[in-house]
Amino acid sequence: MIQVTIIDDHPVARRGLESMLGDAGDIVVAASVSSPAGFAAEGTSPDVILLDLYLGTDEPCLDAVGQLRAAARVLVISASGRPADVLGAIRVGASGYVTKEVGAGMLVSAVRTVAGGGFALSSQLADILQSELTRNPPEAAGHQPGTLLSPREEQALDLIARGFTHAQTARRMGVSKATVDTYVERVRAKLQVRNKAELTRVALLRLASGEKR
């Protein structure tokens, strides 16, 4: 069973999330609290923490994401779909981000993905980030002197961040899947990332850097 703790300052929202997760046979809500302090008081050890990004303030609780990830994998759920919030949460270690508009099926799938060590992003946010990537494509960003990655490795990484499989990436780059596999292995080695979730996070953080250029 996947143990989940919900942290949301709105009781109605917490009950709604509990209900959405309740029908999944492999997920159990171990605790449902209003704040990170409440989570600490509960003393539970969940697999996934489902965290509202805005807890009674006008600022996203990014510090809480960074702290909570030491206890469990953090899946952010928020009414905000702003790229700055998504990338900010990923930057401090969130393993996924979904909006509060997702249905029960997507939420359950995201929890399972994060619990299994993957990275989850709701389709709406994927579209937003893809739009950002379209405005700042790998070719436009260029290869920066002193970076570890080659231009082709950068392109492969950015395409994977957009959600393309290795085979789809290969078709878009005009190379074989084996070549993309090689690019990805080189990127993982150079950037010292262990799995696809971390690779996706790194790619999205590169997008954040691209927004600053």
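Can you find even one residue in the stretch 165-183 that is at pLDDT below 80 and surrounded by 14 or more Cβ atoms within 10 Å (Cβ to Cβ)?
No.
Considering each of ASP8, ASP47, ASP23 in turn, give the residue that is out of contact with any strand residue (DSSP E or B) (no Cβ under 8 Å at 6 or more places or on another chain), charged (D, E, K, R) and either in the same structural domain as LEU68 (by TED's automatic domain parsing) or buried (at least 16 other Cβ atoms within 10 Å of the Cβ) (or both).
ASP23
Of all residues in the stretch 26-43 being under 26 Å from ARG91 (Cβ atoms) and touching a residue at least 12 places away in the same chain (Cβ under 8 Å), which is surrounded by the fewest Cβ atoms within 10 Å (Cβ to Cβ)?
Ranking the qualifying residues of the stretch 26-43, first place goes to GLY38.
Would you say VAL98 is buried (at least 23 other Cβ atoms within 10 Å of the Cβ), touching a helix residue (DSSP H, G or I) at 6+ places or on another chain (Cβ under 9 Å) and at pLDDT 90 or above?
yes
Of everything in the stretch 90-108, what is farther than 23 Å from ASP23 by Cβ and under 8 Å from the mean Cα position of the chain (by Cα)? Give them in sequence order.
If the condition is that a residue be farther than 23 Å from ASP23 by Cβ and under 8 Å from the mean Cα position of the chain (by Cα), then ILE90, ALA94 are the ones that fit.
The values are calculated or read from the model by the stated rules, or taken from the named source; none is laboratory data. Since we're looking at a predicted model, the values are computed, not measured. Because the Cβ atoms are built from the backbone with ideal geometry, glycine has one as well, and the counts that use them run over all protein chains shown.
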